[in-house]
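Visitor: The structure is given below, and queries will be raised subsequently.
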Amino acid sequence: MNTTVALSGDGFEHHDPVDVEGFAVATTLRPRSAKTLAAGLDRISAHGLAAVVRGAGRHSAVGVPVARADVLLSTELLCGIESFEPAEGICQVRAGTSLGALRAELAGSNWELPLAAEDAATVGGVLASGWLGARAHGYGPPRDCVLGLDVVLSGGERTRCGGRVVKNVTGYDLAKLYVGSFGTLGVIEKAWLRLRPVPPQTEVRSFIGDRSEVFARMLPLSRHVSVRACGVVASREVTRGIVEFAGDDATVAAGLALLPRGSNVAALDALDARASRVRIRQPALPSEHRAVTEALVACGGDVIAFPGLRFVYADFADASGFAAAESASALGSGRWRCEEAPLAEKRGRNVLGVSDSEVKLFRALKARFDPAATLAPGRLGEVLS
Amino acid sequence: MSELKAGLEEIVGRERCLTRAANLFVYECDGLTLHRGTPAAVVFPESTAEVQAVVRACRAHNAPFVPRGAGTGLSGGALASEGTVVIECSRMNRIREVDVANRIAIVEPGLVNADLSSAVAKHGLLYAPDPSSQLACTIGGNIAENAGGPHTLKYGTTTNHVLALEWVLPDGDVVELGNRAGVSGGLDLVGAAVGSEGTLGIVTAATLRLEAIPERVETLLAIFPDVVRACSAVADIIESGLVPATLEIVDRRTIEAVEASVYAAGLPTDAGAVLIAELDGVATAIDAEIERVRAFAERHEGRVEVARDAEERQRFWRARKGAFGAMGRLAPDLYVHDAVVPRSTLPEVLERVCAIGDEYGLTLSNVFHAGDGNLHPNISFDRRDPDELRRVLAAGEAILSFCVEKGGVITGEHGIGSEKRDFMGLVFSDADLEAMRRLRLAFDPDERCNPGKLLPTPRFCAEANPHARGYDKVNFE
């Protein structure tokens, strides 16, 4: 098909081919409005083509490689803060808005954005990927801050779910389905977000020690009400615990009292994502973290364990990380998921770590929400045999 | 049907399968007594295998089925219609496992909510979602409705506490949604299932996250000249960023009813409204928070008392938790609404809600989760009076419409069920409802699992008629 002819109109751009997960894509849909997004998706779907949604591309490596890509759907121009309501502690934001822009808007108020990704990431991208950063410990996962979403479905249908109030059981909670769906069921265009009060005080401390000692100290620490982020960074050479305390003076002081020998180190970013060739995420209950970490480190992994978040990240230099992950899974609670890996090494693997029965449900949902397989077909593993 | 009934008896035994009219009468409704329907049978499974077998039997006979817990729901979610099999899960009430080190519990759906907190208290733990009916309602029902309660403000609702589900799909397959760690790849099927009102399948076990019992808890009672000023104090507290564990308001009419009942808490009956605020956390931090709440209350002519001991704390709560029981003294029936509005609109909305009650000549009182903006306008009435019933329903619609107009929604914790199904058009468009329908059909393409709930029928959907309300289903005596 000549996509240049088929996909003409507002928002479509044709260019030299760029690589999108191994496919040469020469068309980008870059809408400025929900209306253009809807019309563009309708056109893509009508021509039996497939689109891959991308924000800033910071967390786009998760999931199964797509089975097809004809169009890149960029949310770059779907940006802007529609409203910020300090009296309610909520805001409404367009999906292509960067977290940095939103944080700048909130600066000076007594509210902060409870999404733990870096400034360059987009709101839509963080929600679509369900990215869990270190501060998800205190904030909760991204799903917890979403009050409502405007979503455009693959056929161009403009829909809304949830609302702008903090408690809501009006109908199915579709927002939970869209968050973490990698843009496979619909394209998030706008989000109502619940903000968090800015804590009056924050302090970061770290401590180094024997691995068993660090984990033994970290578990009770992770449960203290003052802790907003905490993790154990472990490699063959060193094991370090890092804790961020946040709250009023008395609460932070109570937390610091639990870590008298911690050093004053503003090293919280050590708990954030690092460039990695192969990264896996292993679910693990707090009591399992030490054993899982030991297993992964023994296989050459650099580990960040988050007891409060109930998972462990491990970075590897090559595909040996997958074998390491398989052995660690037996020590954790659930199967590992691949967060980052070269495309060729992801193909043919169960990189989402889901069961056959879950894939069956994914297929059923995909068939209902995206019957023409327009949005990132294959990302959910629904085409794997 | 007789073949199905025989099959059900074979699965659960005759003693656990009700089919006689005299026995089925008890299951004609749930907490919403206005809507009634007679099921074909009620079965009481005691295991996941039995639930699965019952669902498969229903499927084989093309019979609809509806899961039911304690039947305390207030939206008709457990209402059964002719030919429907009720799968009553209250006998599946075991705590399968408590993992203290990891603060999780695996429980069966029939476990009473309060019993879980009681069971784990000795480990210094509690289960945070605490609906007012927690002494009777079950975990399965809580999951179906995404139940909340007074402590939702700080601790969240049921969906924030469910890590994994053992789930029987409408086709009879048993699946595990999520995992013990609550961190799974792919789609958030647990999140989609919680709050699905028994329409996507049946929970047969749930892995729940437990919280630590706070180091210190203080309960405050603030007495205001009127409910509007109490709401204004709440709005100020929220805007300041302070997050109490709970902020509950009880209005004068409710106070009067409570003080005249066995739940009497010694509240001043000339108070316009009382605000119950609870603060918890690090012991050394609470005193400063108490003073902040006091300042906000006094700004709006509130007078604050701090509970001196556990007994006084219970007395303060009695006013709130005994409110619905106390309403029974006012009239034989009570219609409890459940709208949610932005907190900053509470003063205006409460004024309008009270005015609506007056305009329709009704006895309307308010008990609500002010911190979430979750209202419970309660209308006391006698359903045997057709004119009063008509006014009650009309007033309810007016209340919901106004709340939606102010940016709110029609239910914060009771669910849609059969009661508010035809009001969904107030909040959502046809396209929005069609998207919800896609979720439902993905799980239940035959629409056999709790049919007729949550989503309006296509006819009402097309009309988007806020005046359509299914009055034909009201059973007038």
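Visitor: Between A:P17, A:P86, which is open to solvent by 40 Å² or more (accessible area, probe 1.4 Å) and within 14 Å of another protein chain (Cβ to nearest Cβ)?
Guide: A:P86 is the lone residue from the list that is open to solvent by 40 Å² or more (accessible area, probe 1.4 Å) and within 14 Å of another protein chain (Cβ to nearest Cβ).
Visitor: Follow-up question, since we're still on this one. Got a sec? Which of A:L185, A:L127, A:L195, A:L177 is at pLDDT 95 or above, within 13 Å of chain B (Cβ to nearest Cβ), farther than 20 Å from B:D188 by Cβ and open to solvent by less than 10 Å² (accessible area, probe 1.4 Å)?
Guide: A:L195
Visitor: Just checking, does the range A:97-109 include any residue being in contact (Cβ under 8 Å) with a residue 24 or more places away in the chain, within 11 Å of another protein chain (Cβ to nearest Cβ) and not in a strand (DSSP E or B)?
Guide: yes
Visitor: Could you name every one of the strands (runs of 3 or more DSSP E) located completely within the range B:39-126 that has at least 2 residues being surrounded by fewer than 21 Cβ atoms within 10 Å (Cβ to Cβ)?
Guide: Answer list for the range B:39-126: B:95-99.
Visitor: Taking the conditions exactly as written (open to solvent by 40 Å² or more (accessible area, probe 1.4 Å), farther than 19 Å from B:Q314 by Cβ and in a loop (DSSP other than H, G, I, E, B)), does B:E256 satisfy them or not?
Guide: no
Visitor: I've got another one for you. Take the residues of the range B:409-427 that are facing chain A (nearest Cβ under 7 Å) and open to solvent by 10 Å² or more (accessible area, probe 1.4 Å): which is farthest from the chain's Cα centre (by Cα)?
Guide: Result: B:V427.
Visitor: Another one. Has the range A:375-384 got any residue that is without any contact (Cβ under 8 Å) to a residue 40 or more places away in the chain, outside any helix (DSSP H, G or I) and under 27 Å from A:H47 (Cα atoms)?
Guide: Yes: the range A:375-384 contains one or more residues that are without any contact (Cβ under 8 Å) to a residue 40 or more places away in the chain, outside any helix (DSSP H, G or I) and under 27 Å from A:H47 (Cα atoms).
Visitor: Ok, one more. Can you go through A:R143, A:R135 and tell me which one is open to solvent by 10 Å² or more (accessible area, probe 1.4 Å) and at the interface with another protein chain (Cβ under 10 Å from one of its Cβ atoms)?
Guide: When all the criteria are applied, what remains is A:R143.
Visitor: With the condition kept exactly as written, say whether any residue in the range A:295-303 is touching a strand residue (DSSP E or B) at 6+ places or on another chain (Cβ under 6 Å) and part of a loop (DSSP other than H, G, I, E, B).
Guide: yes
Visitor: Go through (1) surrounded by fewer than 20 Cβ atoms within 10 Å (Cβ to Cβ); (2) within 28 Å of the chain's Cα centre (by Cα); (3) over 18 Å from B:G77 (Cβ atoms) and name the single condition B:T33 misses.
Guide: The single condition B:T33 does not satisfy is (3).
Visitor: Turning to a different aspect of this structure: Would it be correct to say that B:G281 is surrounded by fewer than 21 Cβ atoms within 10 Å (Cβ to Cβ), on the phi > 0 side of the Ramachandran plot and either at pLDDT 95 or above or within 12 Å of another protein chain (Cβ to nearest Cβ) (or both)?
Guide: In short, no.
Visitor: Being open to solvent by less than 10 Å² (accessible area, probe 1.4 Å) and touching a Phe, Trp or Tyr at 6+ places or on another chain (Cβ under 7 Å) is the filter here; which residues of the range A:43-83 pass it?
Guide: Hits for the range A:43-83 are A:V62, A:G63, A:A69.
Visitor: Follow-up question, since we're still on this one. State whether the residues of the range A:163-174 include one that is within 10 Å of chain B (Cβ to nearest Cβ), open to solvent by 20 Å² or more (accessible area, probe 1.4 Å), in contact (Cβ under 8 Å) with a residue 60 or more places away in the chain and not hydrophobic (A, V, I, L, M, F, W, C).
Guide: Looking through the range A:163-174, at least one residue is within 10 Å of chain B (Cβ to nearest Cβ), open to solvent by 20 Å² or more (accessible area, probe 1.4 Å), in contact (Cβ under 8 Å) with a residue 60 or more places away in the chain and not hydrophobic (A, V, I, L, M, F, W, C).
Visitor: Further question: Test B:G412 against the stated conditions and say whether it is under 21 Å from B:L153 (Cβ atoms), modelled with pLDDT of 95 or more and not in a helix (DSSP H, G or I).
Guide: It is true that B:G412 is under 21 Å from B:L153 (Cβ atoms), modelled with pLDDT of 95 or more and not in a helix (DSSP H, G or I).
Visitor: When you look at B:P214, is it within 24 Å of B:G322 (Cα to Cα) and more than 7 Å from every other protein chain (Cβ to nearest Cβ), yes or no?
Guide: Taking the combined requirement at face value, the residue does not satisfy it.
Visitor: On to the next question. Given the structure, is A:R217 of a type in the set (D, E, K, R), surrounded by fewer than 24 Cβ atoms within 10 Å (Cβ to Cβ) and farther than 30 Å from A:R30 by Cα?
Guide: When the stated conditions are applied, A:R217 passes them.
Visitor: Out of (1) surrounded by fewer than 21 Cβ atoms within 10 Å (Cβ to Cβ); (2) in contact with a helix residue (DSSP H, G or I) (Cβ under 9 Å, 6 or more places away or on another chain), what's the single condition that is false for A:R261?
Guide: (2)
Visitor: Would a scan of the range B:219-240 turn up a residue that is surrounded by fewer than 21 Cβ atoms within 10 Å (Cβ to Cβ), modelled with pLDDT of 95 or more and at the interface with another protein chain (Cβ under 7 Å from one of its Cβ atoms)?
Guide: So far as the range B:219-240 goes, no, none of its residues is surrounded by fewer than 21 Cβ atoms within 10 Å (Cβ to Cβ), modelled with pLDDT of 95 or more and at the interface with another protein chain (Cβ under 7 Å from one of its Cβ atoms).
Visitor: Within the range B:189-245, which residues are in contact with a Phe, Trp or Tyr (Cβ under 9 Å, 6 or more places away or on another chain), part of a loop (DSSP other than H, G, I, E, B) and of a type in the set (D, E, K, R)?
Guide: Selection gives B:E197 alone.
Visitor: Give the residue that is modelled with the highest pLDDT, with candidates limited to residues of the range B:127-158 that are hydroxyl-bearing (S, T, Y), buried (at least 23 other Cβ atoms within 10 Å of the Cβ) and in a helix (DSSP H, G or I).
Guide: Ranking the qualifying residues of the range B:127-158, first place goes to B:T158.
Visitor: Out of the residues in the range A:110-119 meeting the condition of being more than 14 Å from chain B (Cβ to nearest Cβ) and out of contact with any Lys or Arg (no Cβ under 6 Å at 6 or more places or on another chain), tell me which one is surrounded by the fewest Cβ atoms within 10 Å (Cβ to Cβ).
Guide: Top of the filtered list is A:D119.
Visitor: Could you please find all residues in the range A:130-172 being of a type in the set (K, R) and in contact with a strand residue (DSSP E or B) (Cβ under 7 Å, 6 or more places away or on another chain)?
Guide: A:R135, A:R158, A:R160, A:R164, A:K167
Visitor: Please count how many residues of the range A:318-342 are of a type outside the set (D, E), part of a loop (DSSP other than H, G, I, E, B), open to solvent by 60 Å² or more (accessible area, probe 1.4 Å) and more than 15 Å from A:V354 (Cα to Cα).
Guide: Final tally of qualifying residues: 1.
The values are calculated or read from the model by the stated rules, or taken from the named source; none is laboratory data. As the structure is a prediction and not an experimental result, all values here were calculated from the model. Every residue, glycine among them, receives a Cβ derived from its backbone with ideal geometry; neighbour counts consider all protein chains shown. Note: accessible area is taken over every heavy atom of the protein model, side chains too, but ligands, DNA and RNA are not part of it. Shrake-Rupley method; radii C 1.70, N 1.55, O 1.52, S 1.80 Å.
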